[in-house]
1. Quick one: count up the residues across region C:140-158 that are within 23 Å of residue C:371 (Cβ to Cβ) and in contact with a strand residue (DSSP E or B) (Cβ under 9 Å, 6 or more places away or on another chain).
2. Among the numbered criteria (1) within 14 Å of another protein chain (Cβ to nearest Cβ); (2) surrounded by 24 or more Cβ atoms within 10 Å (Cβ to Cβ); (3) under 22 Å from residue A:353 (Cα atoms), which one does residue A:29 miss?
3. Kindly establish whether residue A:358 is closer than 21 Å to residue A:218 by Cβ, away from chain D (no Cβ under 14 Å) and part of a loop (DSSP other than H, G, I, E, B).
4. Have a look at C:281, C:356 and point out the one that is surrounded by fewer than 21 Cβ atoms within 10 Å (Cβ to Cβ) and closer than 25 Å to residue C:161 by Cβ.
5. From the list B:117, B:96, exactly one residue is surrounded by fewer than 22 Cβ atoms within 10 Å (Cβ to Cβ), under 30 Å from residue C:324 (Cβ atoms) and touching a residue at least 24 places away in the same chain (Cβ under 8 Å). Which is it?
6. Here's a check for you: in region A:260-279, which residue that is away from chain D (no Cβ under 14 Å) and part of a strand (DSSP E or B) is nearest to the chain's Cα centre (by Cα)?
7. If residue C:19 passes every condition in (1) surrounded by 19 or more Cβ atoms within 10 Å (Cβ to Cβ); (2) under 23 Å from residue B:38 (Cβ atoms); (3) more than 12 Å from chain B (Cβ to nearest Cβ) but one, which one does it miss?
């Protein structure tokens, strides 16, 4: 990375959310430091000041830069003359993303936002427009798209190695909401099943959007129309915990998408299979270092990370056979964003490989997808063409 | 099998179809003899008498019992005083099944028919009624349901080991029609894509019905409504070569069914996954000796044939670790039918384990399913409740 | 098989051993009939006449050709003028093979013998010499060598696709003797741990010889020297239940061989891995339809039966994706022997593909291997060059 | 980690070696920062000052603490009054470890040393003695022992879940030296095949020691005697590139160990299988998040990280289903050492879970093992009891 002259310093990262008990906050922090391009420098980890301080202390932060309120942090850090933050990461529950991301952008910070971009379409569109106007770098952490084999799959499709794409089958299966976790003290479950904090889609919004993004990312395509069947198996749930979706993509490909949080016993089963006229590929997040590729009439080839052309990947860390995982893929997004930000600072073009990070526009597509699926289901499970998707 | 006094002779089997070049004819012949309960004794293997004789010679048949016409065979064999056939197997293209099965039953032969039962609903229903009236044994070779681990899965669901079933995901993927095989001299392809011989469903009828039967068999359930999206990717095809179906089962379970013959590079990828409130199971035809079972919160258990309780299976041939395959599962149906027929001859009740063989009623359900899916797709992809399925 | 004119009848098979409770007897009977070339016509299934009759009845045999004594059977059948047996299969415990096979050959019958050929070296050598003198066909059922992917692996090595072979790693793991099965009424266990019936090697002789044969068969090689470490983990056992062997092959390749019947939880884990200068292959009996092949610097390719060139295999029964198993591989040996015998009857050359069946000479090598390993261990675990292997 | 009051600062790490082109240097740097407990503060990355500076710049180090000579670094840093290093990591070629580790310890630094501890037995023993005398913390990065499922396997064995251990089968397969890599400009290959830099064992020393350590670590055992067969397949190689070893462990267990760098097509195939009287376990480094466990008579259970009791692991980062890899396991050692060092600074006992890090004593055992195997092979492949292992 930047082989002929590194930038003179690590980038400074602030964080909103990710306090004690957070699942995704620590992931972002590890991801940010894994490739050595970011230092966590400030944080509003919780709206409870004591809890925020506890996280700041665990992260060895300067207590003066640990805040109990995110607005205060943005204000204080924006006016700082020295060691100003380069970027802020937002890792709060979904319903807060919009206001926080908006404030970060308005204060001039490059912004890294956990998905979804927002819970409402109009908010998502406003953010995308704002990001465009400010010219700031905005990354949305659809982290699964950063696995090396996924990027290789995308490159294979793009290079027409499979022939014209006909079928896009994606699924994301979890089982952790099979029982009534939200009534048993599981805090993740509590807000995930609450429309006020989670938004309109349950499993649909939490993991279905990851699946949809992954399918679109690899296939280089997006839905022309969809039809959704949402189910609420858990007693008393307002949001879906399982969703079956049929898709017709703009290219003419057909697809299925299944997202479930009641697939009892499943862990984090994101799987993608894409078939073209001449061949197919298959990938499973729980064995992410392998990509199975078949050309019709030939044996299945099991590609490993090294076979995928590490040159296509920005941060090649290890030879094949040395497994990388979830954190490395997540870190890839941070490494890519660091490259984009550093290039901006240094007044040069970013490495093209760093520009695959999902954007606010991708976030808009995700929010629209969730609302279209909810609307299709609400009407009894009907096909909805993109032009008929809910405008907000 | 019949451990305290075997029947005094092998059963005599006749066959219609299965001449030179047939794929499924030899499979039926191997399956019939594998467990040593049937001898092939007569055949009308082809409407071309010379070709029929060639197959008869390869099978070491008495030339006097090899026919160039199936009606002649039925007539001659029905009036035979000695060594009369016990049963006739029908292994011809789909459009012939109805007339042939009808003639077999009317002549008093137990009948074994390759799926589908018929291409038209009214024919299927007529056959089922006829089978009922005659009281003859009628077996339909939905062979995948006879794999030991599938029967074990059915027993697990039936014993409520997974809790109430919520999700039934089944798929059957092949790639052999990815290219224009029907224009390149592939005789299987030629009749499979021809509505006159194949019937209303392409991939839907050829393999989708297997997938649907398997799902129903294991779950002990059937569709309350469905919605289908049929595609014809191959240029000039009149029948679907890929089908995506959403299902709502009578139990309240939801499901997806995917059948494809254009999943380039896939071989014979029949997969079934069923999730209940407490656990799930997963099975893949290409590794049929294993059944993965997960109870939420516990490790995946990989059951092998021996773990499945061989006692539940009629013809336990080998200990676990000694893989059985497609032919053994197919032979299971013949072993079960032999037991049913022998019991009839001997005037005793058949072993209950032998009664899992699919029946003419199962065949009716399959034909109805195909027509309902075609109709759903014809109307643009709409939900069709069972009461609205095409009556014929 | 015999595509331009079949032989006019099935071959007639007699059997010695395989009475009630036998594991391998029914396997031979299924294997003999699976491809439709043999009819079981006579048997001395047990030295207990009533038990022999019970098996004969289950197999629908003519009671006049069911015997309570194998010498009587050979004598009676040898002098028969009509419907004389073509071949006799020997499926008794190891210590009986020699006398029975000798008698079969001396009476002029083609002979199919379960492994090992004999328990003593001199007996094995005498049999091989006798088989040679008589010119009769003699097949030894090292059945694992008949899996299609194994034959394909052999062809790959032979065609130098992997480069000069350097490493031959073979293992055969079972767990069924982890506990004291022989004291708990398991009849298989009783004779397997008894040197008088089993011979000099325990796990070594029962499954180690299969592993050694498989390695030699695929690599086209044999041991130049070996060093063995035999263990007796089960309390009171006279024979090894685990064996570790180092090998130097005549080609210069090195190898390890591990055979165990105390690998708790293992089923029938025969695995072979061979590495040449340019690539490697890997095969596992419990997933026998796949062969993994890697050329250095390229992705692993998973060959399926269809990729292996079915033309190289005598009895292609099913397309790839339709799994075959243990019985089909076993049946392959019978199909090959049928072809050899039919060719002899018809006075023509046998199909060359049918000649891969293990012979009495292969059986001699196996018996020598067992005794050499026992001797190496007896001396404390020393290298024994082939010229120093026990002569008897 | 230290949940009730974190230490007030990150620990400061220095590094010797790991300059441009190093494979393992960057791995140590990522591992050190992944869990946020270390900051890299100084380095002598290369004996070429310009190259050392380049690495320092890429790591954003203060140029004043980047050295072109490791002795200078130790001297300068040892006398520093402020921001003194807490620990130094040694990531140089093997022959340098002894002098560098000795100097680090003598200067009072906690020391983290890549394996092997030394190339000569006397050096290894001197280091272990020195570490003992100084009381400083000394960690040897046998990183594979830090995978969560490996630690869980160790806990299972220790808790007697498998019964008394009988068999320990370990292998470590790579293929990167199948061809003459050392003649083609591969710098790793150049020093790996050079006895002066690599030491007495080739594949034996590079990866065989990892395999031996892993086996001992999980089984809680060590060799009572061994017998080795070393091979040099690559033309002109002075060191082994493949090694086959038989082992008798002190507990009475038997084992095989295979390490190869000429297993063409293999990547980094470290596999461990251990069988006790009642059950077995199996682990493969290329799928490190799973541990297969079988109890005799029960189905195989596939344990995932979450099933393994994260409480047993110091740094639980992610729920099961979110794969961790090589870097996370490596980071575990750094997290554990950070805990040990922090506890020392804070005058408290370290978390017991942090004390599984391999020590200098483990390093001695590894060096002795290498020399014993070389000696066994030199004598023609004989059993060497521990008391007869080379003393130096």
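The values are calculated or read from the model by the stated rules, or taken from the named source; none is laboratory data. Since we're looking at a predicted model, the values are computed, not measured. Note: ideal-geometry Cβ built from the backbone for every residue, glycine included; neighbour counts use all protein chains shown.
1. Step one: of region C:140-158, the residues within 23 Å of residue C:371 (Cβ to Cβ) are C:140-145.
Pick out the ones that are also in contact with a strand residue (DSSP E or B) (Cβ under 9 Å, 6 or more places away or on another chain) and you get C:140-141, C:144.
Result for region C:140-158: 3.
2. (3)
3. Working: closer than 21 Å to residue A:218 by Cβ: yes; away from chain D (no Cβ under 14 Å): yes; part of a loop (DSSP other than H, G, I, E, B): yes.
Taking the combined requirement at face value, the residue satisfies it.
4. Exactly one residue qualifies, and that residue is C:356.
5. Going through B:117, B:96 in turn, the sole match is B:96.
6. Going residue by residue through region A:260-279, those that are away from chain D (no Cβ under 14 Å) are A:262, A:272-279.
Then keep just the ones that are part of a strand (DSSP E or B); that gives A:272-276, A:279.
Working: A:272: 16, A:273: 19, A:274: 20, A:275: 24, A:276: 26, A:279: 28 Å.
Ranking the candidates gives A:272 first.
7. Unmet condition: (2).
Okay, residues lined up against (1) closer than 19 Å to residue A:333 by Cβ; (2) over 26 Å from the mean Cα position of the chain (by Cα):
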| site | (1), (2) |
| --- | --- |
| A:16 | yes, no |
| A:34 | yes, no |
| A:40 | yes, no |
| A:47 | no, no |
| A:52 | no, no |
| A:70 | no, no |
| A:74 | no, no |
| A:80 | no, yes |
